[in-house]
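This report refers to the structure that appears directly beneath it.
Each value in this text was obtained by applying a stated rule to the coordinates, not by laboratory testing. Since this is a predicted model, take the numbers as computed values, not measurements. Cβ sites come from the backbone with ideal geometry, for glycine too, and all protein chains shown count toward neighbours.
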Amino acid sequence: MNTVRTTTAPVPPLERWSIRELALEAVCLLALALCAIFYLLPAASVVALAVFVGYILFSFFRQPAFFLKYLPFIFAVVANIVGCAFCEFGSFELDELSAETHFVGSLPLLIMARWLFIALLFVADNRFGTQTRTQPNHNTEGTQFKERLVLTCEILAFALVALSFLHVIAHPSFAEGINRFKYDSLYITGLWKRIDAIQAYLMVFPAIAIRHNRRRALGITTIVLFCLYLFWTGEKFGSFFTVACTIGYVFYDKAIDLSPKMKAI
């Protein structure tokens, strides 16, 4: 007699949230809303900042893999808040913007908006996120089409990076002695500016090629050449971080496997 095995689907993580965790979300929302109402008080900015830091730390220990998975978003949120805090509580000139910073009470509302984004991202990932891994069947027509598409995009990424580097090779920023803002206005304009804006995100295709051992040399060459282009044009951090995060998405599951504590999400 043939028997059929049945398995019970696991309860989504969202349904396993404790009362304490739900209460934390409610308390944070209430505290940040009050801070946003009394935004003109410097103390409101301090309290809002403390609430956000406490929430981030608690969330990190609750779901550390979440922070690795969504590192670019977390970094953007934290950098935005830290930058605003410096502008609110410091008094200095921003040379690139020709402006001077001072307190205006914008931090509480900004923190509330960024906290809401992170909280909703937690909910969406817990409810809809999956961690299913499948081994691709290279013999199927659909898989072969995807592989050809990735190869085409990889070649396109290499071509754009190579052309961009050739465009600026005669003008290294370290020899020009100017910052990235000035450099862009002089040498990266028009079509070159549009190409420059998308190149970091195209690095996902060389990363996929490296991950699946298909034309790895071309993938590695493209990424290295793009990093050299960034250095040549005076980039200090932002685009390098974007490239690192883009590659990190491709190797996310392998990074999680490095630590047993990071596997549960």
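Quick check on segment 31-98: take the gyration tensor over C-alpha atoms, sort the square-rooted eigenvalues as a ≥ b ≥ c, and tell me if it's rounded (a/c under 1.5), prolate or oblate. Judged from the Cα gyration tensor, segment 31-98 comes out oblate (a/c at least 1.5, b/c at or above a/b). For the pair Phe103/Phe67, report the inter-label distance in nm, with labels modelled 7 Å from Cα in the Cβ direction. Reported label-point gap for Phe103 and Phe67 is 3.0 nm. Potential lengthening of the chain between Tyr249 and Tyr201 amounts to 16.2 nm, from the contour at 0.36 nm per residue minus the alpha-carbon distance.
Among the GluC sites (Glu not before Pro) in segment 19-109, those placed in a DSSP loop whose Cβ has at most 10 other Cβ atoms within 10 Å are Glu96.
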